[in-house]
Each structure stands twice: as C-alpha cells, then as structure tokens.
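Everything below concerns the one structure shown next.
The values are calculated or read from the model by the stated rules, or taken from the named source; none is laboratory data. Only a predicted model underlies this, so the values are computations on that prediction, with no experimental measurement involved. When the accessible area is computed, the model is the full protein with side chains, heavy atoms only, and any ligands, DNA or RNA have been set aside. Shrake-Rupley method; radii C 1.70, N 1.55, O 1.52, S 1.80 Å.
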Amino acid sequence: KTAAEERAVVRKECAAIRASINEDDQDYRHRNLAKLMFIQILGYPTHFGQMECLKLIASAGFPEKRIGYLGLMLLLDERQEVLIDLNHSNQYIVGLALCALGNICSAEMARDLAPEVERLLQFRDPNIRKKAALCSIRIIKKVPDLAENFINCAASLLKEKHHGVLITGVQLCADLCKVSSEALEYFRKKCTEGLVRTLRDIVNSPYSPEYDISGITDPYLHIRLLKLLRILGQGDADASDRMTDILAQVATKTESNKNAGNAILYECVETIMSIEDDGGLRVLAINILGKFLSNRDNNIRYVALNMLMRATTLDAQAVQRHRATILDCVKDSDASIRKRALELLYLLVNENNVKPLIKELIEYLEVSDQEFKGDLTAKICSLVEKFSSEKIWYIDQMLKVLSE
C-alpha cells in the first residue's frame, strides 16, 4: 500500500531472483526474467539479471526465446553486443528476432543485418514480411545510406493484398521518401497509379468484418495511403493530377458521423492542402473544415481551426464563407477554441467586413470571461487601428472598448 512496502517486496524478490540465477535454475529462468521486466517497468534497477536475456535467447525452447527477446527489448539497449538469429528454421522465432531488431537495432547492427532483413521482405509468411518491413524502417532511420537497397522491395509490398503487410509497406515507402530523394522520384513515377488504385478499392470495398471500424473498411490503411500520397504529390504537378479524382471521392463518400470517418476526412483535407491543385478540390476541403466547426467534439473543432489558419494563405475567399461559424467559435465555452478562433478571425478581417465584425466582437466583449477580455481587447484595438478609414468611427470604437 505504501512506497516503502513496495520497495521491501522488490528487494526480497530481487534477492530470490539472484539466488535462482546463481543456482542456474532452468525451470524458473524465463519466469524470473518476466518478473525482472515487471520490476524494471516499476522503475527499479535490474542490471544484475540482464545476461539472462542472452541465455534465454540462446536456449532451444520457444517460451524461453520469447521471454528472452522481450527482455532484450526492455532491459537492454542498442549499445549492447547482441547476437540475433534471423536464419532460424522456426518462423515464429524469426518473428521474435525481427521484433527485437526493430526495437534496439544500432547503426552497426543495421549495416550487418540489412541483407537478411531485405531477404525476409520476400518471405512466404505475411507476418514475417510485415515485421521485416517495420524492421527496415528502423534500419533506414539509423543508416539512411542503406535506403536505396530497400526501394524495390518496398515497391513490391505495395501490391500486397494482406492489409497488415500493405500498411507496413506504405509506411516503409513514406519513410524511404523522407531519407532519399531517389526513392521519392521512383515512387512518384512508378507507384502513384497503384496507390490510387489501392485507395479506390478500399473506398469502394464491400463490408468486410475483418477490417471494419464503424462501417469503414480499415481507416488506418486509408490514413497511411493518404499520407504517402501527400508526400508524393507535394511539389509535383503530375503526381498531384493523378490523385485528384480519388481525393475528391474520399472527401465526398466518407461518412462524417463517426470518429473514424472524421480522421480520414482530416487526412484527406491535409493531403489536398499539401499537393499542387487548381483550387476546386481546395474549396471542397475548406467546406469539410467548415462542417467540422459545427461538430460537438472540441478536438475536431480545434484541429479544423488550426487547418483553416493554414488555408487562409491558400484560399482566403473560401475560408471567408465560414466566417459566421468561426465567429460562433470565438464565443465558445472552451478557452483554447476561443483563442484559436479569434486568431483565425483576425486573419480574415478586411476593409469590407471590418465594421460588422468589430460590432460583433465589441458586443461579445461585454459578456466575455474576464481572462479572455485581454486578448479580445488587444485584437479589436489592433483591427480598428489597421482598418479605420474614418476618424469618427475609429474614436467611437475605441471609446466603446475603453468604457468596457
């Protein structure tokens, strides 16, 4: 019940584990390591048992290896010299090794084991291919020079039917694009069409209980595909042109009454805002954000306000159409939404709309919370000074603010 009691239990348990290690107790070895991992999670030192991880990894049985690899990920770090077996005849043990490598791989290990991981990207079992793809992400982050070795394998993963492998393949391609301009060009030219086709198949796929979340087929895969398309479309008119139809389809067909649908719509808007577009799609994206502003969920409204602030630099006119809803958000009960909406409204004020907006803001100043009055006053005064064409209007507004 108290911290002191906990320390006493841990001390007693650690002493028992030490004695068991010294006696070389085979039956309890993996149980001892499981306890050590729990003790480590609680925040106590466990260095005395770390060699047990390596002994368990070297043992023959699967339960021992399983706990050994788990201990390796938790108790050791990439500074340790570790022998990882990626050539084992048992695919489940290869899976454990890939998992550990994906978590603790150092630059040296990455260089040594990259060819093995590359080979496993073409393994017959989808779970191994999936783990090998995640492991490859770690390798290219540690040693970006190795990126070009993985380009062809990553591209072949994009043709997978198994969603688990496909989602990791898409993520591997996205990470390759970040570290290698050669990979980015390759995927732009060779894979954009295929990715668009895959996304279209998922958007139009019939109900599938295996991947269904709130009536939407695999929203996680939807989002990964949209993120990769965003990377490929940014700064490239040809690639952007090839994805406009599917982005319009996602934006119009996705249900917005469930959170999974809103997550997809948000990513779709992000992608539309980032790629090269003629403007038609952008208006559609801004209208989706306008719809988000009427949502009851504060998180959705907040991210919509953030995104609209970015959109003002791309198409201020389309954002202007949602001015009334943004003004309602300035009067919201949530402080962070009020603040963000006020900043957005500040960006939308111009010579044509300044008078009605200032009138609304001053009326709201009378009833606003004490802590919000400072921000609101500063913004009103700044706008009145910036856009006042008549001295008398300027003096009138300033007097109203001062009297408040």
Quick check: Cα centre of the stretch 345-391 to Cα centre of the stretch 211-255, how many Å? 39 Å
Where a ≥ b ≥ c are the square roots of the eigenvalues of the C-alpha gyration tensor, would you call the stretch 87-176 rounded, which needs a/c under 1.5, or, failing that, prolate if a/b is larger than b/c, or oblate? oblate
CD proxy at 222 nm, helix term only [per DSSP H run n ≥ 4: -39500 (n - 2.57); per residue of the chain; nearest 500]: -24500 deg cm²/dmol
Which lysines does Lys65 reach when only Cα atoms under 25 Å apart count, and residues fewer than 8 places away in its own chain are ignored? Lys35, Lys55, Lys130, Lys131
Can you list, bin by bin at 10 Å, the percent of alpha carbon pairs in the stretch 180-277, starting at 0? 17, 51, 26, 7, 0
Accessible surface of the chain, 1.4 Å probe, proportion on carbon and sulfur as whole %: 50 percent
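How big is D, in µm² s⁻¹, for the stretch 1-76 by Stokes-Einstein at 10 °C and 1.306 mPa s if Rh is the Kirkwood radius over C-alpha pairs?
This corresponds to a translational diffusion coefficient of 127 µm²/s.
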Nonlocal amide H pairs with Asp236, under 5 Å, H built at 1.01 Å: Glu276
Cut-off 10 angstrom, C-alpha nodes, Gaussian network model of the chain. Which of Ala147, Ala174, Ala378 fluctuates the most? Ala378
In Å², what does the accessible area per residue of the chain work out to with a 1.4 Å probe? 51 Å²
State the percent of C-alpha pairs, over all pairs in the chain, separated by a distance greater than 41 angstrom. 40 percent
Could you tell me whether the stretch 260-404 comes out rounded, prolate or oblate from its Cα gyration tensor? Rule is a ≥ b ≥ c as square roots of the eigenvalues, rounded for a/c under 1.5, then prolate if a/b exceeds b/c, otherwise oblate. oblate
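What's the lysine pair count for the stretch 180-277 at a Cα cut-off below 21 Å, pairs eight or more apart or interchain? Write out the running numbers ahead of the final one.
Working: Lys189/Lys227; Lys190/Lys227; Lys227/Lys253; Lys227/Lys258.
Counting lysine pairs in the stretch 180-277 gives 4.
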So for the stretch 304-376, what percent of the C-alpha to C-alpha distances run longer than 14 Å? 57 percent
Pop out the ³J(HN,Hα) list for the stretch 286-294 in order, Karplus 6.51 cos²θ - 1.76 cosθ + 1.60 with θ = phi - 60°, rounded to Hz; leave Gly and Pro as x. 5, 5, 5, 5, x, 5, 4, 5, 8
Phi angles of the stretch 127-140, converted by Karplus (6.51 cos²θ - 1.76 cosθ + 1.60, θ = phi - 60°) into ³J(HN,Hα) in whole Hz with x for Gly and Pro, give 5, 5, 4, 5, 5, 5, 5, 5, 5, 4, 4, 4, 5, 6
May I ask you to compute the full-extension gain from Asn87 to Lys391, defined as 0.36 nm times their residue separation minus their alpha-carbon distance, rounded to one decimal in nm? 101.2 nm
For the stretch 349-354, what does the Karplus curve 6.51 cos²θ - 1.76 cosθ + 1.60, with θ = phi - 60°, yield as ³J(HN,Hα) per residue in whole Hz, taken in order and with x for Gly and Pro? 6, 9, 4, 6, 10, 4
What is the set of long-range amide H partners of Ile213 at a cut-off below 5 Å, with H atoms built 1.01 Å from backbone N? Asp218
Expressed as a whole number of Å, what is the distance separating the alpha-carbon centroids of the stretch 272-308 and the stretch 123-149? 35 Å
